[in-house]
């Protein structure tokens, strides 16, 4: 039986701010943000680009990580991303962002 993945993600907005969220479909969520149908925060800050993500097998774990990341200031969030962004994630992020252009 296939199970649904859960994601915590960070997008970089057009004004260079960072927004952190949760989703079960990261590709759809980025498209939703860029159609100005996503979070209120991002509606006036499009286009957004995927900056970072993490995968989880359950919603609870993803939501806990989202909460933790939202507590970080910008500098701490960037350091966290730099420390945890591996090649596989970089390639996936590039693929998502190319699809949005």
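Here, each number is a calculation from the coordinates, and none is a lab measurement. Every value quoted in this text rests on a predicted model; they were computed, and no experiment measured them. Glycine also receives a Cβ, built like all others from the backbone with ideal geometry; neighbour counts cover every protein chain displayed.
Give me the residue from the stretch 41-79 that is in contact with a helix residue (DSSP H, G or I) (Cβ under 7 Å, 6 or more places away or on another chain) and outside any strand (DSSP E or B) and, out of that set, nearest to residue 26 (Cα to Cα).
48
Per-residue answers, yes or no, for (1) out of contact with any strand residue (DSSP E or B) (no Cβ under 7 Å at 6 or more places or on another chain); (2) buried (at least 18 other Cβ atoms within 10 Å of the Cβ):
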position: 33; (1), (2): no, yes
position: 44; (1), (2): yes, no
position: 54; (1), (2): no, no
position: 59; (1), (2): no, no
position: 69; (1), (2): no, yes
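So which residues in the stretch 39-53 are farther than 21 Å from residue 71 by Cα and without any contact (Cβ under 8 Å) to a residue 40 or more places away in the chain, if there are any at all?
43, 44, 46
Could you tell me whether the stretch 28-38 includes any residue that is closer than 22 Å to residue 94 by Cβ, without any contact (Cβ under 8 Å) to a residue 12 or more places away in the chain, more than 15 Å from the chain's Cα centre (by Cα) and assigned to a helix (DSSP H, G or I)?
No; the residues of the stretch 28-38 include none that is closer than 22 Å to residue 94 by Cβ, without any contact (Cβ under 8 Å) to a residue 12 or more places away in the chain, more than 15 Å from the chain's Cα centre (by Cα) and assigned to a helix (DSSP H, G or I).
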